[in-house]
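Heads up: the structure comes next, in structure tokens.
The values are calculated or read from the model by the stated rules, or taken from the named source; none is laboratory data. A quick note: this is a predicted structure, and the numbers were derived from the prediction, not measured. Quick reminder, even Gly has a Cβ in these numbers, built from the backbone with ideal geometry, and neighbours come from all protein chains shown. Quick note on the areas: whole protein, heavy atoms, side chains included, nothing else; ligands and nucleic acids left out. Shrake-Rupley method; radii C 1.70, N 1.55, O 1.52, S 1.80 Å.
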Amino acid sequence: LVGEAAWDAGADDVNRAFRKRSLHCHPDKSRHPDAPRAFDLLKKAKACLLSDLEREAYIRDHVKMQQTLWEGSWKSDREAAEARERIASARCNAQEEQTALVVDAMKRRRDKAQSAERKKQRSAL
């Protein structure tokens with residue numbers, strides 16, 4: 001039932017999903033060090049989904065958590081967009097400054113070359 005809507009699952013679906021998942025995390029079947037903890041969590045999930053009261057509480061908590069995550073992701077998306085905009089603006093300003101520095105350096109070099117050429121022409125006369 002991982003990734004599926006728990007409120008649509010019947011008792012048969014829950015039991016079938018439990019058996020399928022338990023093959024992967026049962027301590028007798030898996031050598032992974034976290035297998036006993038995972039199996040205990042799976043048993044608790046099964047008990048929660050088979051109890052109507054616990055299932056309703058789980059669904060309410062799940063919906064609240066998803067709403068918080070959804071709203072939080074919008075906030076973080078907005079912050080990320082603002083950060084990208086600030087970075088783009090800073091990059092544009094840096095490029096403009098760099099372009100201005102290059103243009104100024106080229107003008108100074110050209111002026112220096114022209115003045116050297118004028119001196120050369122004067123000395124030739």
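Kindly sort 125, 42 by accessible area of their heavy atoms, largest first, with the probe set to 1.4 Å.
Working: 125 180, 42 35 Å².
Sorted descending by solvent-accessible area, the residues read 125, 42.
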Relative contact order for the chain: what is it in percent, counting Cα pairs under 8 Å that are at least 6 residues apart? 17 percent
FRET efficiency estimate (nearest 0.05) - Cβ-Cβ, residue 28 to residue 48, R0 25 angstrom: 0.60
Once ligands and nucleic acids are excluded and a 1.4 Å probe is used, how much of residue 61 is accessible, expressed in Å² to the nearest 10? 100 Å²
Any lysines with Cα under 16 Å of the residue 112 Cα? List them, leaving off those in the same chain fewer than 8 positions away. 120
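Gain in length, residue 118 to residue 12, computed as 0.36 nm per residue apart minus the alpha-carbon separation, to one decimal in nm? Each step should come with its number before you reach the end.
Working: separation 106, 0.36 × 106 = 38.16 nm, distance 9.74 nm.
Once the chain is fully extended between residue 118 and residue 12, it gains 28.4 nm.
Show that you can apply the helix-only estimate: for the chain, add -39,500 (n - 2.57) for every DSSP H stretch of four or more residues, divide by all residues, and state [θ] at 222 nm to the nearest 500.
Values: 3 runs with 104 residues, N = 125.
Roughly -30500 deg cm²/dmol at 222 nm, from the helical runs in the chain.
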extent check for segment 8-125: Cα max minus min per principal axis, descending, whole Å, gives 107, 35, 19
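Taking the mean number of other Cβ atoms within 10 Å as a proxy for protection, how do you rank 46-57, 102-113 from highest to lowest?
Going from most to least packed, we get 46-57, 102-113.
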Aspartates and glutamates within cross-link reach of residue 46: Cα-Cα under 18 Å, excluding same-chain residues under 8 positions apart? 4, 8, 12, 13, 54, 56, 61
